[in-house]
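The values are calculated or read from the model by the stated rules, or taken from the named source; none is laboratory data. Predicted model, so just to flag it, every value in this text is computed and none were measured. We place every Cβ from the backbone using ideal geometry, glycine too, and count neighbours over all the protein chains shown.
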Amino acid sequence: MSFRPVETRVGDDGIWRDLRVEAGGLRDRPVLFLDRDGVIVEEVSYLHRPGDVRLIDGVAGLIANARRAGAGVVVVTNQSGVGRGLYGWSDLAAVEDEVARQLADAEAAVQAVFACPFHADARPPFDTADHPARKPNPGMLLMAAEILGLDLGRSWIIGDRATDVVAASRAGLAGGLLLGDGYDEGEAERALSLAGDRFLARRIDRLDEAGRHIAWLGASA
C-alpha cells in the first residue's frame, strides 16, 4: 500500500494540512481522529527527525480496521515546536512521510493530517494563546469536516491527553477515548466527566481495546 498526497500546504490560517483524498472525498462518513504523538508514534520531545519515528503497537491494525469499516482516518496534532522555531514545516513533512511509509508497510494509511503550530509561547505570527485550532479547541476537527465532508456525529477521537477528548466534545463527535493516564489525573478525570447521553468518554490502556467502545470499529475487527 502506498499514499499519494493530493495537497500538502500551510493554509492562510497558519494550519498545515496534508490531504490524501480529494476535498469532499469522505462525505457523510464517520472518521477516526487520531492524535499523533503518543497514539500513532512513540512520544519524543518535539519529534522532527524521521529516524526517531517508531509506531506504537496496534496502531496499524486500528487504522486498517477503521478503513475496512468504511470510516476515514484523520490525524489532528498540536505542533508548537514549529511555532517555537524548534523545527520547520519541512521537518514536519519529513516525519509525516516516514509515518506514512511505516504504516504503508503494515498495509494501513491515514487520509489526512492537520497540524496546529499556535501556542502562547510561540514566536510571531504563531504566538496566540487559546487559538481556535489548538486542542482542546475543536478547530482542526471542524476544518477537517468542512474540507472532507465528514459526519462528525458518528466520529470518534483517540488521544493520549485530556485535551483530545475535550476537543472531540466541543466538535460534536460521538465520543473520545483517552489512551493511558492523560498525563495528568485531574485533567483526565475532568475530560472523562464530559461523558453523557450525547458524548461517550472512556479510558483505554491499549489501542486494541478501541473496538469495545466504537460500534462501527468493533464490527470490523
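The set of residues from the stretch 170-221 being more than 22 Å from Leu150 (Cα to Cα) and among the acidic types (Asp, Glu) comprises Asp181, Asp184, Glu185, Glu187, Glu189, Asp205, Asp208, Glu209.
Do we have Glu22 as acidic (Asp, Glu) and without any contact (Cβ under 8 Å) to a residue 24 or more places away in the chain here? Yes.
Looking at the stretch 125-140, is at least one residue part of a strand (DSSP E or B) and under 23 Å from Ile63 (Cβ atoms)? There is no residue in the stretch 125-140 that is part of a strand (DSSP E or B) and under 23 Å from Ile63 (Cβ atoms).
For the stretch 26-44, the condition holds for no residue, the condition being that it is under 25 Å from Ala162 (Cα atoms) and assigned to a helix (DSSP H, G or I).
Filtering the stretch 15-43 to residues that are among the charged types (D, E, K, R) and out of contact with any Phe, Trp or Tyr (no Cβ under 7 Å at 6 or more places or on another chain) leaves Asp18, Glu22, Arg27, Asp28, Arg29, Asp35, Arg36, Asp37, Glu42, Glu43.
Counted as qualifying within the stretch 151-221 are the helices (runs of 4 or more DSSP H) with 2 or more residues that are of a type outside the set (S, T, N, Q) and under 20 Å from Gly72 (Cα atoms), namely 162-171, 215-218. Could you list, in sequence order, all residues of the stretch 89-111 that are part of a loop (DSSP other than H, G, I, E, B) and over 18 Å from Glu7 (Cα atoms)? The answer is Ala106, Glu107, Ala108. Report yes if Leu86 is part of a loop (DSSP other than H, G, I, E, B) and either modelled with pLDDT of 95 or more or surrounded by 23 or more Cβ atoms within 10 Å (Cβ to Cβ) (or both), otherwise no. It is true that Leu86 is part of a loop (DSSP other than H, G, I, E, B) and either modelled with pLDDT of 95 or more or surrounded by 23 or more Cβ atoms within 10 Å (Cβ to Cβ) (or both).
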